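First the structure, in the form of structure tokens, and then the observations on it.
The values are calculated or read from the model by the stated rules, or taken from the named source; none is laboratory data. Computed from a predicted structure; not experimentally measured. Here Cβ is always computed from backbone atoms with ideal geometry, including for glycine, and neighbour counts include all displayed protein chains. Just so you know, the surface numbers come from the protein's heavy atoms only, side chains and all, with ligands and any DNA or RNA stripped out. Shrake-Rupley method; radii C 1.70, N 1.55, O 1.52, S 1.80 Å.
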Amino acid sequence: MTGAYLLSQIVNGLVLGAMYALIAIGFSMIYGIVRLINFAHGDIFAVGAFAALGSIAIAALPFPLAVLVVLLAGALVGLLVERAAFRPMRGAPQVTGFIASLAVAIILENLAVMTITAQPRTFAIPAWLGALVPLGSISVRVVDIAIIVLALVLTAALVGFVRFTRTGMAMRATAENYGVARLMGINIDRMIALAFAIGSALAAVAGLMWGAKYGQISPLMGTVPGLKAFVAAVIGGVGSISGAVLGGFVLGLAEVLFVGLLPSEFSAFRNAFVFAALILVLLVMPNGLIGKSTETRA
Amino acid sequence: MRNWISGLAAVAAAGLLSTAFILPGAAQDKEPINVAALYNLTSGGLSSLDAPSFNGMKLKAKMINDAGGILGGRKIEITAIDTKNDTRETATAAQRAVAIKGLVAGIGQSDSTFALAAAPLFQSAGIPFVTSGATSPDLPDMVGDQMFLVPFGDDVQAHAMAEYAYNTLGLRNVAIWTDNAMDYTTGLTRYFTERFTQLGGKVALEDVYMTTDQDFSALVSRLQSTTGVDAVFASSGPDTAGIIVKQIREAGITLPILAGDGFDTDLVLSVPGEALAKDVYFTTHAYAGIETGPAQEFRAAYQAEYNTAPENAFAALGYDAMGLVADAITRAGSTEPAAVSKALAETKAYEGVTGTVAFPEGKRVPNKPVAIIKVGGGKMNFETTVTPKG
Amino acid sequence: MSAPAAFLLRFALPVGIGAALLYAATLSLDPYSLTILQFVGINVILAVSLNITNGFTGLFSLGHPAFMTIGGYVTAILTMPATRKTAMLRDLPSILAAHEWPFAASLTAGGLVAALAAVIVGIPVLRLRGHYLAVATLGLIFIVQSFAVNLPGITRGALGLAGLPPVTNVWWVYLVLVLTLLTCWRVKHSSLGRTMLAIRENELAAASLGVKVARTRVLSFALGAFFAGVAGGLWAHLVTLIAPGSFSILLGFQLIVMVVLGGTGSIAGAAIAAVVLTLSTEWLRPIEEAAGLFGASQIIVAVGVILVLIFRPSGLFGTAEPNVFGAFARRRRHAQSTP
């Protein structure tokens, strides 16, 4: 094994991790604020991919405008889902919301299959995104760099928003304690809706990036990345934005190195490895890498 | 891209069509001929093979009915049951199907595991089951005398590719990527390796993945760092075909890519794009690259019916499965399952879109020609046809 | 209801009536309806046993499909004719390959291996709570599936084990069903059951009163897994096939829905929800086929689930048992529902 081989695998892992990170942020935000594992999150990721396909391939929008459309589409579906399925059952046991989110996932997937079929579709991107850039002993594609940069920029913007704006503070307060936040005059309905909107918008952008990198999307594409992003969120420490990002990169890296460094017959165990890692992390560090340990996870 | 609209239109059309099939037609006085279709139409990966197959099958039935039906004007009536990518659903669907009064035959499935969930129930009911897309050559032995394949067996296409690679392309050392989550792909790899090493070739690297994987970067890097590889044999289904070519080529690897009929999908061209989709060779059912005869007629009819080109070879196979069954019914002159099954087994030369179907004595896997396609210049180019020795 | 005699009497009559009805069903129903009847029974076994883990003890497990897969494969490997085993499954230990077990023994073995797996996995995993446990058990499904796919010498890989002897019938399914109900009922109304409920309601309080929390959790997890394993075995020999993808996340979801709709902790509720959901999916199917809208039935069920969650969040029965069983046995007992 050469250094270049290791380096290229590390880059592979980082790119995959960046996409996990973006999906994981949404998971983490929503979990942080309403203690809900939103199973439909992976399908919103797929919605984003199709919104991108629609705006680039059908409506022929320029790329930056397409990103905007994707963000809006994700936010809109997120809001819709929150309004229809989660708001009416707020206050119910956690499990209720979890099941509702599974139901929403099934509805979204079947609607997609009924209207646009489960056929995978080609996702064409501008040629310059596919160009190879030499980087020391290896070469990297522009799209890979773009993915990592975009993930980091969006994360930084989000962290800034949550930390330094009034709305961001209100969101944190809501996450900390519903009741007290409400007493302080914070409109918690709006905060929860906002968390859904932002989280879903980021997942939708991840869908766009996924399409751009792999060139193919399908209505059922969200299931596995969605679950893995959840694992990433847990590894990082659920509820923490920077934790979700860290978790995403760690998981992407671990997954690729698992496949890349072990003999090839282990490659097919990569999903098993991801979930085994989840169980392991939860046992050793129940609060994740940088999660807070304020609550007993009951 | 009008696929969304056309998708909706197709759903609506399918709705109208199947209502028309199920409700007793007004002008239809003769007793219909009942055929069951068992396909994974929703939920999961197989629907990208099964849905086109089902469309092909419906198209053929419609064309036969429009042309006046068979057995003196009797119309074919399809009862479609969605098997939902679930073996339990498949088994109960089969049970429902065989309970249909006067059922002549069942058609369906593109994966051996699912064919094996359905076919035994047809076998014990004494009704023929014709799989349009499951290619394991062992199926008839596992199920019994009511099990028929429309496609060639995987052994045939894998051997054809191994010979083509070794003799024509002069390749000696291959890397093999296998989708471990499908029986089709693991079988293909086994048969390819068997013949390729027999010829004197070597397998330099074996890597495996699962159907749901989309990130092949780790496998690509390993391939790149392995020396002495002349080509990659990608044993893949259609869902990962385009992605694999794209990711291998994008890394700057120019080795020839070899594959089976899982690569017979437009995704192989469109996902990598014209510049990267080159030096890809795959075996498929002999309609690709043929611009005349039944193949052309099929393409045009499919385009007209569904407003899209056939998605992959499975559409043609579904079309042929329906045609083959109708042909057997005509030859049997009866809708008795036993008679139809006998006629099916005696098929000597059914002119299908995917080649001439002939069942050798006592075998229910057809000897059909294998087409070898080379992808390049934004097109699927027909290279040659290999007819296996029967 | 401490006396076993009274307990059995409560069950003897409904079981007798049930047996008579089943006999009538075997005579009058077509094979398809009979199969559905068996799947209804299997789903009741699954929902009721999942209820031990999720309902009684409050462990939110999605792992039933994983245990069904384990139980199904073990049962299938044991019942398979020895000649086929040696030909098809190269890596099977010769002790297993040489013998062919009777169905009852195979089912029990399947259940026991599933339970053993639950104990091994449960000791570390059950330290997790709520959502975390849900995702960890969901991961278990992926892990078990990966092994089923990638150990072809034992499982025949992606193809699965086909052509199993079709030994499952209505009688087997409903025998196991009665045993499951009986076990659950006894557990729920025993000190063990109260211990489980105590853990669900307030773990710390239970622990402070000397309840061995960890041990009880593992026990309830393993008990649920045992029945899942047996149900997996029944399922495999009804479909006559088991493949790595036979038991999916979707199934895990459907089972959870049954437990929650029935009322977490209610045996009768889970059973009734299992019956209703299984049958309604069957009934919706012809409509979906006639309309050509494949997938519509799943949407309808999912929307129904959300509506029930909104308007009846504690499920149909809560933790209580409705009086149907009491009425059925003509021996109305008063204090049967747990507090």
### Query
Which one is farthest from residue B:100 (Cα to Cα), of the residues in the stretch C:28-49 that are away from every other protein chain (no Cβ under 12 Å) and among the polar types (S, T, N, Q)?
C:49
### Task
Only one of these is hydrophobic (A, V, I, L, M, F, W, C) and closer than 23 Å to residue A:266 by Cβ: B:149, B:139, B:171, B:188. Name it.
B:188
### Summary
Picking from B:257, B:244, the residue that is open to solvent by less than 20 Å² (accessible area, probe 1.4 Å), under 28 Å from residue A:135 (Cα atoms) and within 14 Å of chain A (Cβ to nearest Cβ) would be B:244
### Task
Sort out which residues of the stretch B:92-102 are part of a helix (DSSP H, G or I) and either open to solvent by 10 Å² or more (accessible area, probe 1.4 Å) or more than 7 Å from chain C (Cβ to nearest Cβ) (or both), and write them in order of number.
B:93, B:94, B:95, B:96, B:97, B:98
### Task
Mind listing whichever residues of the stretch C:87-96 are farther than 19 Å from residue C:240 by Cα and not charged (D, E, K, R)?
C:92, C:93, C:94, C:95, C:96
### Message
Of all residues being within 24 Å of residue B:199 (Cβ to Cβ) and within 14 Å of chain C (Cβ to nearest Cβ) in the stretch B:129-178, which is farthest from the chain's Cα centre (by Cα)? Just the residue, please.
### Response
B:178
### Query
Would a scan of the stretch C:217-238 turn up a residue that is at pLDDT below 90 and either among the polar types (S, T, N, Q) or closer than 25 Å to residue C:104 by Cα (or both)?
no
### Task
Among what's in the stretch A:212-234 and is open to solvent by 10 Å² or more (accessible area, probe 1.4 Å) and of a type in the set (Val, Ile, Thr), pick the residue that is farthest from the other protein chains (Cβ to nearest Cβ).
A:223
### Cross-chain or 6+ apart pairs with Cβ under 7 Å, the stretch C:294-312 first and assigned to a helix (DSSP H, G or I), then charged (D, E, K, R)
C:296/C:288; C:297/C:285; C:297/C:288
## Note on the structure
Note: among A:192, A:290, just one is away from chain C (no Cβ under 13 Å) and not in a helix (DSSP H, G or I), namely A:290
### Query
When the stretch A:271-287 is examined, which residues are found to be more than 7 Å from chain C (Cβ to nearest Cβ), in a helix (DSSP H, G or I) and touching a residue at least 24 places away in the same chain (Cβ under 8 Å)?
A:274, A:277, A:281
### Message
Is it the case, given these coordinates, that residue C:215 is part of a helix (DSSP H, G or I), charged (D, E, K, R) and in contact (Cβ under 8 Å) with a residue 12 or more places away in the chain?
### Response
no
### Query
Mind checking which residues of the stretch C:241-263 are farther than 15 Å from residue C:45 by Cα and open to solvent by 20 Å² or more (accessible area, probe 1.4 Å)?
C:245, C:248, C:249, C:250, C:261
### Query
Can you tell me which of B:137, B:151 is outside any helix (DSSP H, G or I) and open to solvent by less than 10 Å² (accessible area, probe 1.4 Å)?
B:151
### Query
Across the stretch B:192-223, which residue is nearest to the other protein chains (Cβ to nearest Cβ) among those that are under 21 Å from residue B:112 (Cβ atoms) and either part of a helix (DSSP H, G or I) or touching a residue at least 60 places away in the same chain (Cβ under 8 Å) (or both)?
B:212
### Query
Taking the stretch C:170-212 on its own, how many of its residues are part of a helix (DSSP H, G or I) and either under 30 Å from residue C:32 (Cβ atoms) or open to solvent by 60 Å² or more (accessible area, probe 1.4 Å) (or both)?
21
### Summary
Filter the stretch A:127-149 for residues that are within 11 Å of another protein chain (Cβ to nearest Cβ) and not in a helix (DSSP H, G or I); the one that is farthest from residue A:20 (Cα to Cα) is A:134
### Query
residue B:191 passes all but one of (1) on the phi < 0 side of the Ramachandran plot; (2) out of contact with any His (no Cβ under 8 Å at 6 or more places or on another chain); (3) surrounded by fewer than 24 Cβ atoms within 10 Å (Cβ to Cβ); which number fails?
(2)
### Message
Would you confirm, using the coordinates I've provided, whether residue A:132 is closer than 15 Å to residue B:276 by Cβ, out of contact with any helix residue (DSSP H, G or I) (no Cβ under 7 Å at 6 or more places or on another chain) and of a type in the set (A, V, I, L, M, F, W, C)?
### Response
yes
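For the stretch B:113-130, does any single residue satisfy the condition of being in contact with a Phe, Trp or Tyr (Cβ under 8 Å, 6 or more places away or on another chain), at pLDDT below 90, crowded, with 21+ Cβ neighbours inside 10 Å and not assigned by TED's automatic domain parsing to the domain that holds residue B:283?
Quick first cut of the stretch B:113-130, residues in contact with a Phe, Trp or Tyr (Cβ under 8 Å, 6 or more places away or on another chain) only: B:115, B:118-119, B:122-123, B:128-130.
Then keep just the ones that are at pLDDT below 90; that gives none.
No, that holds for no residue.
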### Query
With respect to residue A:244, is the statement that it is more than 14 Å from chain B (Cβ to nearest Cβ) and over 24 Å from residue A:104 (Cβ atoms) true?
no
#### Entry: the stretch B:224-267, residues that are part of a strand (DSSP E or B) and not small (Gly, Ala, Ser)
B:232, B:233, B:257, B:258, B:265
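Residue by residue, here is whether (1) outside any helix (DSSP H, G or I); (2) more than 10 Å from chain C (Cβ to nearest Cβ); (3) touching a strand residue (DSSP E or B) at 6+ places or on another chain (Cβ under 9 Å); (4) surrounded by fewer than 17 Cβ atoms within 10 Å (Cβ to Cβ) holds:
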residue: A:77; (1), (2), (3), (4): no, yes, no, no
residue: A:80; (1), (2), (3), (4): no, yes, no, yes
residue: A:83; (1), (2), (3), (4): no, yes, no, yes
residue: A:92; (1), (2), (3), (4): yes, no, no, yes
residue: A:100; (1), (2), (3), (4): no, no, no, no
residue: A:108; (1), (2), (3), (4): no, no, no, no
residue: A:112; (1), (2), (3), (4): no, no, no, no
residue: A:115; (1), (2), (3), (4): no, no, no, yes
residue: A:118; (1), (2), (3), (4): yes, no, no, no
## Note on the structure
Scanning the stretch B:369-390 for residues that are farther than 30 Å from residue B:246 by Cβ and either under 21 Å from the mean Cα position of the chain (by Cα) or in contact (Cβ under 8 Å) with a residue 24 or more places away in the chain (or both) gives B:387, B:388, B:390
## Note on the structure
When the stretch B:371-388 is checked residue by residue, the ones that are modelled with pLDDT of 90 or more and closer than 13 Å to residue B:286 by Cβ are B:372, B:373
### Message
So, residue B:346, is that one in contact with a Lys or Arg (Cβ under 8 Å, 6 or more places away or on another chain), among the acidic types (Asp, Glu) and modelled with pLDDT under 95 or not?
### Response
yes
### Any hit, the stretch B:75-91, residues being more than 21 Å from the chain's Cα centre (by Cα), under 14 Å from residue B:147 (Cα atoms), facing another protein chain (nearest Cβ under 9 Å) and open to solvent by 20 Å² or more (accessible area, probe 1.4 Å)
no
